[in-house]
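K.L.:
Pasting a structure here, questions to come.
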Amino acid sequence: MNAMDLIVVILILVYLLTLLLAATRAVTMSVAALIGALATAWFGLQYGVFTYDQALSFVDFKLLALIIGTMIVVEVAKRGGIFRFGALYAIKLSQGNPILLFFAVCISAAAASMFLGDPTAMLLVAAATATITRFLKYDPMPYFISAAIMINLGGTSTLIGSISNMIIGVQAGISFTDFISYLALCEIALWGLTILALYLIFRTRLGSKKDVPSYHPWESVENKKFFFLSISVLALLMLLFLTAENLGVGPEAIALGCAIVALVLSNINPSKIFRELDWETVFFISGFMFIVKGLEQTGFFSSLSTQLFQMTGGDVLSSTLMTLWASGIASAIVSNTAVALTFTPIIGGLGVKSAPLWSALVLGTNLGGATTPLSGSVPILAIGMLKREGLDMNFAEFTKVGVISSLIQLGFSSLYLVLRFGLLP
């Protein structure tokens, strides 16, 4: 074994060790990624795989700027109460009808995750759901499991809908409008199919119609001026994302610009906002990105891309479906952030029609994230919220529902990709 083969093996082992540490939670995800990045830097420099100056460019600061800027805007909007207001209003409209309540929870959960980070959306929706199910004495399990699955699904078709979307969008150069153009119809259809499937699974456990407590969602809004300010900043972010191509700037500039506007207008102590940001995710992405880029310098991903291209015979249909299912299954096992970071250099090196492949990767990394209670942060948070309610989520029950919903979603997505991009010969 020559020196180059040896360093490839070493860096692959570092990559796998990082995934193992993160998956088993021996250490936090961010620490696992930083350990892996340190090992990659050490071995890469020692074996001459890359120089120190090259290593400094491994972390994509445009991606980090997009993530952090969006987090700041969303945190300000959350403090304005608009997301809790929306969830409570949807529940109020159900009028104590468990079927309508179930649909309201599912739709509110998916809609909230289009703008909020998945963990934040889960916490807000779960808090509202716990209150109403406790008061009406409904079995909370169907509502919590369904909310977790819908939050994982929500935001699939937007650049800022999930961290994996941001990674793929920046690496592939897919604009905010491209995301919507490629995947909006698919996401709408997936919402309907998934909610229907969840309803059929849980329909006998939803409870009977009861009177809802007398309350008004406006009561949850403490500062109405701040409430409307938050809506305005969030709307500005969306508007600028939609017109970014005409402005001649990248989405990261828009996110940071709107973040600054939000901080100035909100008049909140910035340190309070910064403390609430998901720095765990930021450092995990930074560290894992370094690991992937270091391994990429060895030519491993280029070689893997060539092998996959040969396996599919250069056929776009086969490559697209393989990407969808491989990333979907992988995301059911490890973090979809890690899956996105791993697959982007592979797809970038395939050299075939890219839009179907990038769309398949977006769908796969999103849809596999709620297959089991350990597939991602959303199911784990759902388990934690149920424990606070004195309930234990049955691992087998969640996995059964998660597998069924993921198979339905991936199956429909396969058909959608074939039809949307005209992949049939």
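K.L.:
Where residues in the range 212-233 are modelled with pLDDT of 75 or more, part of a helix (DSSP H, G or I) and not aromatic (Phe, Trp, Tyr), which of them is nearest to residue 64 (Cα to Cα)?
P.N.:
The extreme case among them is 233.
K.L.:
Which residue pairs have Cβ atoms under 6 Å apart, sit 6 or more places apart or on different chains, and have a first residue in the range 404-425 that is free of Cβ contacts under 8 Å to residues at least 60 places away in the same chain and surrounded by fewer than 18 Cβ atoms within 10 Å (Cβ to Cβ) and a second that is assigned to a helix (DSSP H, G or I) and of a type in the set (A, V, I, L, M)?
P.N.:
Cβ pairs passing all conditions: none.
Results for (1) closer than 18 Å to residue 295 by Cβ; (2) acidic (Asp, Glu); (3) at pLDDT 80 or above; (4) surrounded by fewer than 23 Cβ atoms within 10 Å (Cβ to Cβ), shown as yes or no for each residue.
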residue: 28; (1), (2), (3), (4): no, no, no, yes
residue: 32; (1), (2), (3), (4): yes, no, yes, no
residue: 37; (1), (2), (3), (4): yes, no, yes, no
residue: 45; (1), (2), (3), (4): yes, no, yes, yes
residue: 59; (1), (2), (3), (4): yes, no, yes, yes
residue: 64; (1), (2), (3), (4): no, no, yes, yes
residue: 76; (1), (2), (3), (4): no, no, yes, no
residue: 89; (1), (2), (3), (4): no, no, no, yes
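K.L.:
When only residues in the range 105-120 that are surrounded by fewer than 24 Cβ atoms within 10 Å (Cβ to Cβ) and part of a helix (DSSP H, G or I) count, which is modelled with the highest pLDDT?
P.N.:
That would be 107.
K.L.:
For residue 53, only one of the following conditions fails: (1) part of a helix (DSSP H, G or I); (2) under 26 Å from residue 336 (Cβ atoms). What is its number?
P.N.:
Going through (1) part of a helix (DSSP H, G or I); (2) under 26 Å from residue 336 (Cβ atoms) one by one, residue 53 breaks only (2).
K.L.:
Taking residue 258 and the conditions (1) closer than 28 Å to residue 418 by Cα; (2) among the hydrophobic types (A, V, I, L, M, F, W, C); (3) at pLDDT 80 or above; (4) buried (at least 22 other Cβ atoms within 10 Å of the Cβ), which numbered condition does it fall short on, given that it satisfies the others?
P.N.:
All conditions pass for residue 258, except number (1).
So that you can scan it fast, the table gives a plain yes or no per residue for (1) part of a loop (DSSP other than H, G, I, E, B); (2) more than 16 Å from the chain's Cα centre (by Cα); (3) closer than 26 Å to residue 243 by Cβ:
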residue: 146; (1), (2), (3): no, yes, no
residue: 152; (1), (2), (3): no, no, no
residue: 169; (1), (2), (3): no, no, yes
residue: 177; (1), (2), (3): no, yes, yes
residue: 180; (1), (2), (3): no, no, yes
residue: 184; (1), (2), (3): no, no, yes
residue: 192; (1), (2), (3): no, yes, no
residue: 196; (1), (2), (3): no, yes, no
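The values are calculated or read from the model by the stated rules, or taken from the named source; none is laboratory data. Quick caveat, the model's predicted, so the values are computed rather than measured. Glycine also receives a Cβ, built like all others from the backbone with ideal geometry; neighbour counts cover every protein chain displayed.
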